[in-house]
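The values are calculated or read from the model by the stated rules, or taken from the named source; none is laboratory data. Computed from a predicted model, the values in this text were never measured in an experiment. Every residue, glycine among them, receives a Cβ derived from its backbone with ideal geometry; neighbour counts consider all protein chains shown. What goes into the accessible areas is simple: the full protein's heavy atoms, side chains included, and nothing from ligands, DNA or RNA. Shrake-Rupley method; radii C 1.70, N 1.55, O 1.52, S 1.80 Å.
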Amino acid sequence: GVETWVNADSSLITGYEINFQQDFEFLPAPFDGLFVAMNLTFTDGDSTFVFEDNQTFTTPFRKLSDRQENLSIGYDKGRFDIRLAMNSRSDYLDWLADEEDDIDTVSLENSRFVAAHKQWDLKATYAVNDNLRLKFEIINMEDRPEYYYWGYNDRLSQYDEYGTTFAVGFTYNN
């Protein structure tokens, strides 16, 4: 026999995005390099599966969170480029238990979700001269883990700890 995935018969995604960016070049030195950027995205998506017996099953669109938020505050002037960023998203459907091509086996309990996640990062660069740029990064400053769960957030599927990453480096252009 041959096994295959069931493709969605139809999917629909709707949404909107709000974006704001502002530099502060009108401020006196040394504050004229400050900037802020914010982004908020709302989406709604679902997929409908039609099986051979014409039964249908509608699920959230896979790998699509309903809400994403981004905030970046920084300073970019002269030799310095410093950015503090927060990235956040709501939970989303990761995996749908539909391999058997049978609507009766698909349920909330055997579908896997990824929990909401928020992360803060800091990146800084300093241009020593036209050829040499030094870099420093802290990724996932609060050491936030990532959770996967089956149907309900109290039914853990996977727990990942990535830790906080520190990076120091340089770029040299000849």
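General observations
- Selection count where residues are at pLDDT below 85 and of a type outside the set (D, E, K, R), scope the range 1-23: 7
- Single residue of the range 126-172 satisfying the filter (assigned to a strand (DSSP E or B) and among the β-branched types (Val, Ile, Thr)) that is farthest from Glu109 (Cα to Cα): Thr171
- The range 118-151, subset within 14 Å of the chain's Cα centre (by Cα) and of a type in the set (D, E, K, R), residue surrounded by the fewest Cβ atoms within 10 Å (Cβ to Cβ): Lys118
- Cβ pairs under 9 Å, 6+ apart, first in the range 50-62 and free of Cβ contacts under 8 Å to residues at least 40 places away in the same chain, second among the charged types (D, E, K, R) and not in a strand (DSSP E or B): Pro60/Asp66
- Leading residue by the ranking (most open to solvent (accessible area, probe 1.4 Å)) among those in the range 152-174 that are polar (S, T, N, Q) and over 18 Å from the mean Cα position of the chain (by Cα): Asn174
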